[in-house]
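The values are calculated or read from the model by the stated rules, or taken from the named source; none is laboratory data. Bear in mind the structure is a predicted one, so any value in this text is a computation, not a measurement. Here the Cβ positions follow ideal geometry from the backbone for every residue, glycine too, while neighbour counts run over all protein chains shown. When the accessible area is computed, the model is the full protein with side chains, heavy atoms only, and any ligands, DNA or RNA have been set aside. Shrake-Rupley method; radii C 1.70, N 1.55, O 1.52, S 1.80 Å.
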Amino acid sequence: MKVQAPGKLMLAGEYAVLHGGEAWCLAVDRYAVVDDAPAPGGFTPPEALAAWRCAVARGLLRELPAEGSARFDLSSLSGGVGRKLGLGSSAAGCVAALAWAMERERPGSADARRDELARCAREGHREVQGGGSGVDVLTSALGGLVSVCFGAGLDGEPSIGRHGLPGALRWRVFWSGTSVRTSEMIAKVEALRAQSPQAHAARIGAIDAGTADFARALRADDAAATVSAVRSLGGAMAALGEAAGAPIVTPAMARLAARLERLGAAVKPSGAGGGDVVVGVAQDDHAMAALREAAAVEGFEEVDLGADGAGVTA
């Protein structure tokens, strides 16, 4: 039995989703793969163990798989040795592990109970990670373009929307050359909230407003408006970082964004920022060519990524 689950690319709503705002996330065609271990005793990620326990409690699994009974391959979600792209490898591995266990017991159950799988995997992943939104887990399970909002708080049930990809928008992903721990960025932003609640709320509000503009533009398949919204989101994330003393938008990202202002293209961090990958959008092929050239000049490496529409599959 072999199962694969896609990675993710955060498009909008970073940080705001932790405070009741909406986030938009895209499943991408790099995968965590889980299959039967050739011999017992291998390593099982703690997120997978937690998801399995949750699944037993909720009736998705009859019994816990033996630790080490599954083999994990997360290599396609990394950028190579010593590089972290920020595509949600632990989330995808957790989703794939739960689907693998469900399929072993009842073939077809992972697809038939996909929504329950997604929520259970999110619970297990958050338990081990110590929090976070779990948007990456939900996106990996469901596939495609997903919007998520936690109107009742992160411990409540999410409101999830699934959307078609816009046809007019061009997009590419670029690695910054630096890997960063998401928890470090979030900790600095949370420190800002404790020290200056008004400043924190204002900057989160700007990200939330930019995300609403992004959502409207995507739904209208308006490439120029989407580029404008991404540009605003990049600025809002930079302002949050400046207030929190966190390099959410690095100097190289800021230089790249400035190069693109009059070219019909824009970039923003994907995820917590400070490194990992940035997402670039353009309103036409000419603008995308200019974006790719500017990114190379600033030292960004293009990552070959496409969208995944299937989510977790056995």
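A simple charge model with +1 on the Cβ of Lys and Arg, -1 on the Cβ of Asp and Glu and nothing else charged puts the dipole of the range 263-307 at about 180 debye relative to its Cα centre. Semi-axes of the equivalent ellipsoid for the range 195-252, computed as √(5λ) from the eigenvalues of its C-alpha gyration tensor and ordered from largest down, come to 24, 14, 5 Å. Counting only the Cα atoms, the range 1-129 fills a convex hull of 118 Å³ per residue. Candidates Ile248, Ser69, Ala27 compared by Cα position along the dipole of the chain: farthest toward the positive end lies Ile248, with charges placed on Cβ. Taken along the Cα-to-beta-carbon direction at a fixed 7 Å, the label points for Ala212 and Arg255 span 3.6 nm. Charged neighbours of Gly42, selected by a Cβ distance under 13 Å, balance to -3 (K, R count +1; D, E count -1). Packing around the peptides 272-281, 44-53, 66-75, taken as the average count of other Cβ atoms within 10 Å per residue, puts them in this order, highest first: 272-281, 44-53, 66-75. Label sites at His286 and Asp115, each approximated as a point 7 angstrom past Cα along Cα to Cβ, lie 4.6 nm apart.
As a fraction of the 1.4 Å probe accessible area of the chain, surface on carbon and sulfur atoms comes out at 50 percent.
Dividing the mean sequence gap of close Cα pairs (under 8 Å, 6+ apart) by how many residues the chain holds gives a relative contact order of 24 percent.
Of the three principal axes defined by the Cα atoms of the range 151-211, the extents in descending order read 43, 35, 22 Å. Length gained on full extension, Arg262 to Asp155, computed as 0.36 nm times the residue gap minus the Cα-Cα distance: 34.3 nm. The magnitude of the dipole of the range 1-114, with charges of +1 and -1 set on the Cβ of Lys/Arg and Asp/Glu and taken from the Cα centre, is near 40 debye. Surface analysis of the range 34-76 yields an accessible area of 53 Å² per residue, using protein heavy atoms and a 1.4 Å probe. Between Ser78 and Ala310, the modelled labels are 2.5 nm apart [label points 7 Å from Cα along Cα→Cβ].
With all protein chains kept in place, the per residue accessible area of the range 139-294 amounts to 43 square angstrom at a probe of 1.4 angstrom. In the chain, if the dipole is taken from +1 on Lys/Arg beta carbons and -1 on Asp/Glu beta carbons about the Cα centre, which of Ser270, Gly7, His163 is farthest to the positive end? Farthest towards the positive end: Ser270. Straightening the chain between Ser183 and Ser196 buys 2.7 nm, computed as 0.36 nm per residue apart minus the Cα-Cα spacing. Placing unit charges on the Cβ atoms only, positive for Lys and Arg and negative for Asp and Glu, gives the chain a dipole magnitude near 220 debye about its Cα centre. Computing Rg and the Kirkwood Rh from the Cα coordinates of the range 156-283 gives a ratio, Rg/Rh, of 0.98.
Ranking Pro197, Ala307, Ala209 by Cα position along the charge dipole of the range 176-314, where only Lys, Arg, Asp and Glu carry charges on their C-beta atoms, puts Pro197 farthest toward the positive end.
Distances longer than 33 Å among the Cα atoms of the chain: what percent of all pairs is that? Here the tail beyond 33 Å accounts for 22 percent of pairs.
When the helices of the chain are scored as -39500 (n - 2.57) per DSSP H run of n ≥ 4 and the total is divided over every residue, the value at 222 nm lands at -14500 deg cm²/dmol.
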